[in-house]
Structure formats: C-alpha cells, structure tokens
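Here is the structure we will look at, set down as structure tokens.
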Amino acid sequence: MTDATSKLTLADITATARRGGRLVMVTAYDASAARLADAAGIDIILVGDSAAMTVLGHDSTLPVTMDEMLMMTRAVTRVTRRALVVADMPFGTYQPSDEQAVANAVRFVKDGGADAVKLEGAGRSRSRIRAIRAAGIPVMGHVGLTPQSVALLGGYRAQGRSATDARGIYDGARGLERAGCFAVVLEAIPASIAAHITSALAIPTIGIGAGPSCGGQVLVWHDLLGLTEGHLPRFVKQYASLSATIREALEAYAADVRSGSYPEEKHTYGITEPEADAFAAGLPHKDGR
C-alpha cells in the first residue's frame, strides 16, 4: 500500500485484498465530507446515488440526475488526495445501451475526476461493464439488493434467502468478475452466501449488510454518523449521534440570537475612534441635510 498521502490505485486496492486486508469504503457527497473521510484513511470514497435520498430528499435513488451526480463527484474529487473515488452511475445512464453507458462513464472520469464508476445488476450490466472497461475506465459491480431495481425486488429487503435466489446472486457476482469488475458490492444478503461468493472470487467483495467475510465494508455517511433519523437497516452501526448534536447546536444558536447574547464584542470588528468620527460626520442629518 502507498503511504498516507499518496493516491491509492487499483493495484493498491487489489494488493490489500490479496493480503487479506479489509477495505474501508464510505459514501460522501460534498467536499467537507470527502476531506474528513480522506484524512481518516478511508480507502474508497463512493459518491453514491444514495444522495438522492440523503441529500436531495427523494424517497428512492431513482430521481437523481447525471448532472447532480457530476456536481457532487467534482466536489469530492477536488479535495480527495488519497482515497480512490468511485462514482455511482444513476438510473437511466447506462441501462439503455453500451454506447450511452460509455459516454456517461467518460463524463464521470473526464468532467467529474472520478477514478472509477459503479453499476448495479449482473444481467445486461455485464455488456455495459465490458464496454466501459474497453474505454479504459475501471468498474465496480453491485449485486444483491440493488436499489435501482427496488420495484422488481419487492422493496428494500434482504435478497438471496432462498437457494435459487442465492445461486442467482452467486452466479451474477462471478459474471461481473468475468466482465472485468475490479470489485463487487454485496448488499443485504445472508452472511453465509456472501462468504461463499467472497471465496469464489479473485476480486474483492465489499459488503453492506452481507456479514464479516467480505473483503471490505461500506456504509452510508449519514447512517454511520447518526445523521439519518427514523428507520435504519439492521446492518447499520452508528458511530456517532450527530443529528442530536447538530439540533442542540442550532437550538442554542437560535436562543442566543433571540436573547441578544450573540454576537458578543469578541465576535465583531472594530474601527479607530478618528475613523468612526469621520464616518459619522459625513452622514446626513435626520432632516435630510
């Protein structure tokens, strides 16, 4: 692995996985989050289409646009110095054709500064992956619970819980490896199935709700920091409670403004007395003279 300030490459990611090291991936959608993740030593930053829900307020990942994802990707890549940056290709930007998939992947790399892109699914996506790879762009795959196909999957629920479904996910992951993916995200599948898939692949798996046997783990920024309120998936571990902290800070700020205790003198800028007198002398009188 490179030193703490050098940019990670695909070779570094692969070498870590082959040594048995665990890869750490987290989502980020803006410069401040990316800067913190990078400084914390995160290996892979995913500019996830989960931003549709966490940042833009939608009920699913489907509405987020290419332009919105590009804006967030640029913000992340401007400040990231070490982590590999992967951009999620949003719904509708790769499904129609190989040509459209390549064109949009190129935008993420050329205009957004991303190091790689991520696609969901394992069926027709394999053709898209091959085409994007042929254009020289690394691709991360994603099987199991694929949020862009949530309507077909019957909602946000665990996948692969029957032998038939588990075999489909297993075969899909192997197909993504053959198509040229450098890693595969396994989302919301039984830990034992994820372990079999991880053992079968030469490329790393990155789990989210897929147990401890994966080659790495990913969580959504807002979930792990306690910014998400309401229901959380069972696989989420909150490492902070920032939602409560931020609310308390905002309430304290509002109270200080309303009471007049903020700003204090130390929060203001001064002016010399002669300059203040000169300023006041040049002001019109109340009668307008």
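Overview of values
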item	result
Of all residues making up region 34-47, the number that are in contact (Cβ under 8 Å) with a residue 12 or more places away in the chain, more than 13 Å from residue 74 (Cα to Cα) and either open to solvent by less than 10 Å² (accessible area, probe 1.4 Å) or assigned to a loop (DSSP other than H, G, I, E, B) (or both)	5
Single residue of region 127-159 satisfying the filter (in a loop (DSSP other than H, G, I, E, B) and of a type in the set (Ser, Thr, Tyr)) that is nearest to residue 44 (Cα to Cα)	146
Only listed residue being crowded, with 20+ Cβ neighbours inside 10 Å, closer than 16 Å to residue 27 by Cα, touching a Phe, Trp or Tyr at 6+ places or on another chain (Cβ under 8 Å) and at pLDDT 95 or above, chosen from 83, 105, 87	87
Members of region 128-140 found to be touching a strand residue (DSSP E or B) at 6+ places or on another chain (Cβ under 7 Å) and surrounded by 24 or more Cβ atoms within 10 Å (Cβ to Cβ), listed by number	129, 132, 139, 140
Residues of region 160-199 classified as in a loop (DSSP other than H, G, I, E, B) and surrounded by fewer than 24 Cβ atoms within 10 Å (Cβ to Cβ), total	6
Tally of residues being in contact with a helix residue (DSSP H, G or I) (Cβ under 6 Å, 6 or more places away or on another chain) and not in a loop (DSSP other than H, G, I, E, B) across region 85-103	5
Count - residues of region 108-126 that are surrounded by 21 or more Cβ atoms within 10 Å (Cβ to Cβ) and either in contact with a strand residue (DSSP E or B) (Cβ under 6 Å, 6 or more places away or on another chain) or in a loop (DSSP other than H, G, I, E, B) (or both)	10
Failed criterion for residue 21 (all others in (1) outside any strand (DSSP E or B); (2) of a type outside the set (Ser, Thr, Tyr); (3) open to solvent by 30 Å² or more (accessible area, probe 1.4 Å); (4) farther than 16 Å from residue 139 by Cα hold)	(3)
Hits in region 141-156 - residues which are touching a residue at least 60 places away in the same chain (Cβ under 8 Å) and buried (at least 16 other Cβ atoms within 10 Å of the Cβ)	144, 145, 147, 148
Residue under evaluation residue 262, criteria (1) open to solvent by 80 Å² or more (accessible area, probe 1.4 Å); (2) at pLDDT below 95, criterion not met	(2)
Any hit, region 245-259, residues being assigned to a strand (DSSP E or B) and either open to solvent by 40 Å² or more (accessible area, probe 1.4 Å) or under 25 Å from residue 127 (Cα atoms) (or both)	no
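The values are calculated or read from the model by the stated rules, or taken from the named source; none is laboratory data. Since the model is a prediction, treat every value here as computed from it, not as a measurement. Using ideal geometry, Cβ is built from the backbone for each residue, glycine included, and neighbour counts are taken over all protein chains shown. For the accessible areas, the whole protein counts, side chains as well, though only heavy atoms, and no ligand, DNA or RNA atoms are used. Shrake-Rupley method; radii C 1.70, N 1.55, O 1.52, S 1.80 Å.
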